[in-house]
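The values are calculated or read from the model by the stated rules, or taken from the named source; none is laboratory data. Being a predicted model, the structure only gives us computed values, none of them experimental. Neighbour counts are summed over all protein chains in view; Cβ atoms, including those assigned to glycine, are modelled from backbone coordinates with ideal geometry. Surface areas here come from the heavy atoms of the whole protein model, side chains and all, with no ligands, DNA or RNA. Shrake-Rupley method; radii C 1.70, N 1.55, O 1.52, S 1.80 Å.
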Amino acid sequence: MSYLKNIQPLEDFNWDEFENGTIESVNKEDLLKTYDETLNKIQEHEVVEGTVISIDKKEVVVNIGYKSDGIIPASEFRYNPELKVGDKVEVYVEDQEDKRGQLVLSHKKARLTKSWDLINEAQEKDEVITGYIKCRTKGGMIVDLFGIEAFLPGSQIDVHPIRDYDVFVGKTMEFKVVKINQEFRNVVVSHKALIEAELEAQKREIISHLEKGQVLEGTVKNITSYGVFVDLGGVDGLVHITDLSWGRVNDPHEVVELDQKIKVVILDFDEERKRIALGLKQLTPHPWDALDENLKVGDHIKGKVVVIADYGAFVEIQPGVEGLIHVSEMSWSQHLRSAQEFLHVGDEVEAVILTLDRQERKMSLGIKQLKDDPWESIETKYPINSKHTAKVRNFTNFGIFVELEEGVDGLIHISDLSWTKKVKHPSDFTTVGADIEVVVLEIDKENRRLSLGHKQLEENPWDKFEAIYTPGTVHEGKITEMMDKGAVITLNEGGEGFATPKHLTKEDGSQAKLGEELPFKIIEFNKDSRRIILSHSRTFEEGKDEVKPRRNSARKQNDTPVINNVAAGTSLGDLDVLAKLKADLDKK
């Protein structure tokens, strides 16, 4: 064969020894070493260059000068449909020899390793790289950079807010690498960063020519809850929500739309921070200047409630003109309540102008003035001794505050609740919100106060008790309360009396107990102070006292205790005589 003509045989080669297998001059290890030196030296997990030696639908065979060729799936070369035998390609050595003795290579990993180096280099040198936008994802786009997927946030696509992301899918754009996570191999890129530098110079140029009060035309770029951003041709300004209209604006969408061309006035600007404050309402006259000149205090006007606070409600008379209805002007009632109890946002109301200051642009209104003041005719509607039904509002230690109608309150003193019961606290007598019958006792029109009574609805039972409970008479009663100083006894004919411990001793010497029903003798009756003093022991000691001598006659005067201004040494008989004498005198 022709390709063997140039091969020269070794002159000193011993063919006899070779044929007999007895060559001594050639070392086997040297032969292996010489063979290994003819092969490429490769390391696992490194990228080397190889040559494509065959291609089929499933596999691509690549020779890297190693003792065996590597097989790579054809799918790793889909990006390069022009690949052919003899092309040089970079491959990644995964394993020098697998279980089958096969060299394992990867073209995809080689590309990724090289791409990762290129991306890191681009970030270090602040270089611009080109990528392909593959698809949308949550919050942005996925960009292919040399086979590596990077994230492009929606805010980094352009300096203007993007409303339609789909128009960017399939585009090839330039980017800057802004962030790399080496551990998770995440890459974040930005297209906006490329054009911001150019815009900065443009913004400085625009701001340097701005003046307060200057009117410019711009395009609505973005609408937020607090205002509207307007593009003034390369620089943005903000129209705060309070500067959109002279009237109250709940949502800026009510005034402007996206991409709308509007004229604005420059209110203020900061060259260092590149902030521009714009106004829209300032291009129209103030509504207060157009307010009807004939409008005056006392006139009735109509408006809409736009804001509610605890202290009152703001009513819009016309866009940009508002009046305040203080909560005290919502009702004739003196006890203040929250404005939410009377009005709600959106209510159409009629009110009376109370004050009007055109210079300060302030107006106060009232709605209670639409009704007559109930205190103007209080003597006619609630004359003294007239009876009415009131509603319990609240309690104090000294009485009950009630409401007869809105704006008309009154007080029932605790002493005017009952003729017979001793009320310790009004809550023991009734409850808040309950209805109660009352009688008008006094009227204080100047201070808007009514003194009311409840017990006056009935006749004074003490007029009847005066005839029943004469001193010396005996009546049945039940012990309803015990205390250190004595006991309260409820008498069967009505009313309550009091007995000291001494007068609670029973005939057998024991003390009467709570709940016992016993006969009691009237010792003292006082209608004015509504006091009845009783004694059970007097009911069985009366006969004994008549035959017993006065044991206390020898006592010194200063040693004799006094009970109810009557000397304790006085006999029961004497007391009875005195009681009868007093009764006769009272009758006369």
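Checking every one of the GluC sites (Glu not before Pro) in the range 370-429 against DSSP loop status and a limit of 15 other Cβ atoms within 10 Å picks out Glu406. Residues in the range 456-498 average 55 Å² of solvent-accessible surface per residue, probe 1.4 Å, ligands and nucleic acids excluded. Loop-resident trypsin sites (Lys or Arg not before Pro) (DSSP state other than H, G, I, E or B) in the range 453-535 with no more than 10 further Cβ atoms inside 10 Å of their Cβ: Lys485. Calculated FRET efficiency, Lys371 to Lys171, Cβ-Cβ distance, R0 = 56 Å: about 0.20 to the nearest 0.05.
Put a dot 7 Å past the Cα of Asp428, heading toward its Cβ, do the same for Gln96, and the two dots end up 10.6 nm apart. Identify the residues of the range 192-233 with backbone N under 14 Å of a label point that sits 7 angstrom from the Cα of Gln282 along the Cα-to-Cβ direction, or state none. Backbone N within reach: 210-217.
Starting from the Cα of Gln318, step 7 Å along the direction of its Cβ; do the same at Phe184; then give the gap between the two resulting points in nm. With each label point 7 Å from Cα toward Cβ, the separation is 6.1 nm. Relative contact order for the range 258-370: 23 percent, from Cα pairs under 8 Å spaced at least 6 residues apart, divided by residue count.
In this label model, Ile142 and Glu466 are separated by 10.5 nm, measuring between points 7 Å along each Cα→Cβ vector.
Students often get this wrong: which residues of the range 320-352 have the backbone nitrogen under 14 Å from the point 7 angstrom along Cα-to-C-beta of Arg248? Residues 320-326, 339-340, 343-349 fall inside that zone. For the range 261-366, the set of GluC sites (Glu not before Pro) satisfying both a DSSP loop assignment and a count of at most 13 other C-beta atoms within 10 Å is given as Glu271, Glu272, Glu293, Glu360. Length available on full extension from Glu121 to Asn294: 0.36 nm per residue minus the Cα-Cα distance, which gives 54.5 nm. The mean sequence separation of alpha-carbon pairs under 8 Å and at least six residues apart, normalised by the residue count of the range 219-269, gives a relative contact order of 37 percent. Projected onto planes of every orientation and averaged, the convex hull of the alpha-carbon atoms in the range 199-318 covers 9.7 nm². For the range 286-349, averaging the sequence separation of C-alpha pairs within contact (under 8 Å, six or more residues apart) and dividing by the residue count gives a relative contact order of 34 percent. Here the gap between Ile71 and Asn222, fully extended at 0.36 nm per residue and compared with their Cα-Cα distance, gives a gain of 48.8 nm. Ranking Gln123, Phe151, His191 by how far each Cα lies toward the positive end of the dipole of the range 117-200 (charges on Cβ) leaves Phe151 at the top. Subtracting the Cα-Cα distance of Thr505 and Lys108 from their residue separation scaled by 0.36 nm leaves 131.5 nm.
Which residues among the range 212-251 fall inside the zone where the amide N is under 13 Å from a point 7 Å beyond the Cα of Gln202, along Cα→Cβ? Hits in the range 212-251 for Gln202 at 13 Å: 231-236.
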